[in-house]
Amino acid sequence: EFILLGLSDTRELQVLFFIFFFLAYAMVLLGNLLIIVTVRTDPKLSSPMYFLLCNLSFIDICCTSVTAPRMLVDLVSQRKAIAFEDCIAQLFFLHFVGASEMFLLTVMAYDRYTAICKPLHYTAIMSRQVCWVLVAACWAGGFLHSIVQTLLTIQLPFCGPNTIDSYFCDVPPVIRLACTDIYVTEWLMASNSGLISLVCFLVLVTSYTFILVTIRVRFTEGHWKALSTCASHVMVVTLFFVPCIFIYLRPFSTFPSDKHICVIYTVFSPVMNPLIYTLRNNKVKASMWKLWKRCK
């Protein structure tokens, strides 16, 4: 088994963290479930953008549920132990849904690029069948990435220290506990996770660059609305990708700040998604209001 040190060993801070993260987890569940129900029940929200948004909300729920419940339990427990099998399972599902979200955010950027830069061909390029294929490819890519990370981890011998300076099991802190030279394994994992984060981020930056150039050339009210949507997307991308690139695109030497940085993409980013996509989107807000009146 491994011992998780958590975010703090001070009892007062643990109580504050429990209240804060419990409320954050509740917001993730309620906010993203509300988006899913709203998109699924309103025929007006049938465009590819809202289909992808619905999938993003589902992934955010999965991503936060991998780490948050365990963290909440540990915050009120005296001994924060996790079995080796549970640790590996948490590692696998975290990278599965995390990589799937990276790919999905890239697909969402491509959707916005197509809508703004090629509006006449948008319905043909982003048909419902194409959207399903792209989402399936995101999940398949996430699974492939995660299985590689997991297989590289479980083949390592663990016979020494078992203390993980974090609140969940992740590749960097876990493989540092292996009783063998992990130099090659470190670089294999960094090239896997780190390069995926960096390449997806560069693709996103490129797509937004094309969007900005297009809007500057032919600026209309419709393009302004599209730019507003992209601005909210950029906020999500920044919250999610920058911490991931910092954590994974380097040799896995653990810094004390790493576990606090991980909170950004495991908790804060999923919390921000429903806020950004509902408060900045009049169409979604109107659909939610209709759903509320229908349920009263």
**Study point:** Label point distance in nm, VAL37-LEU156, each placed 7 Å from Cα along Cα→Cβ
**Key:** 4.3
Exercise for review: Quick one: angle between helix 84-117 and the longest Cα principal axis of the chain, in degrees between 0 and 90, rounded to 10, please.
Suggested key: 20
Practice item. May I ask you to evaluate 6.51 cos²θ - 1.76 cosθ + 1.60, the Karplus curve with θ = phi - 60°, for each residue of segment 67-80 and list the ³J(HN,Hα) values in order in whole Hz, giving x for glycine and proline? Key: 10, 4, x, 5, 5, 5, 5, 5, 5, 10, 9, 6, 10, 9
Check your understanding: Stretched out fully, how many nm does the piece from SER46 to CYS295 gain, at 0.36 nm a residue minus the Cα gap?
Key -> 87.5 nm
Exercise for review: For segment 64-146, with all protein chains present and a 1.4 Å probe, just round the carbon and sulfur fraction of the accessible area to a whole percent.
Suggested key: 69
Point to revise | Unit charges at the beta carbon, dipole of the chain: most positive-side option, VAL28, ILE276, SER191 | key: ILE276
Review point. Any idea how far the Cα center of segment 113-183 sits from the one of segment 78-104, in Å?
Key: 11
Practice item. Mind checking the full-extension length gain between THR163 and THR209? Use 0.36 nm per residue of separation minus the Cα-Cα distance, one decimal, nm. Key: 12.1 nm
Practice item. Distance from a point 7 Å along Cα→Cβ of ILE147 to each backbone N in segment 157-196: keep the residues under 19 Å and list them by number. Key: 189, 192-193, 196
Study note, to complete from the structure: Dividing the helical contributions, -39500 (n - 2.57) per DSSP H run of n ≥ 4, by the residues of the chain yields a 222 nm value, nearest 500 deg cm²/dmol, of -26000 deg cm²/dmol
Point to revise | Computed over the chain: relative contact order in percent, which uses C-alpha pairs under 8 Å that are six or more apart | key: 27
Point to revise | Built amide H within the under 5 Å cut-off of ILE164, gap 5+ | key: ILE3, LEU4, LEU5
Point to revise | Accessible area per residue, Å², the chain with all protein chains present, probe 1.4 Å | key: 48
Check your understanding: On full extension of the chain, what length is gained from THR10 through LYS283, given 0.36 nm per residue of separation minus the C-alpha to C-alpha distance?
Key -> 93.8 nm
Check your understanding: By how many degrees, 0 to 90 and rounded to 10, does the Cα axis of helix 128-154 deviate from the longest principal axis of the chain?
Key -> 10
Study note, to complete from the structure: To the nearest 20 debye, segment 2-295 has a Cα-centred charge dipole, built from +1 on Lys and Arg Cβ and -1 on Asp and Glu Cβ, of 1420
Revision key, fill the gap. Note: probe point = Cα of PHE84 + 7 Å toward Cβ; backbone nitrogen < 19 Å; residues of segment 115-159 passing the test are 149-159
Point to revise | As computed over the chain, the Cα convex hull volume per residue (Å³) | key: 135
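The values are calculated or read from the model by the stated rules, or taken from the named source; none is laboratory data. All values derive from a computational prediction rather than experimental measurement. Positions of Cβ are backbone-derived with ideal geometry, glycine not excepted, and every protein chain shown enters the neighbour counts. The area values use the complete protein model at the heavy-atom level, side chains included, leaving out ligands, DNA and RNA. Shrake-Rupley method; radii C 1.70, N 1.55, O 1.52, S 1.80 Å.
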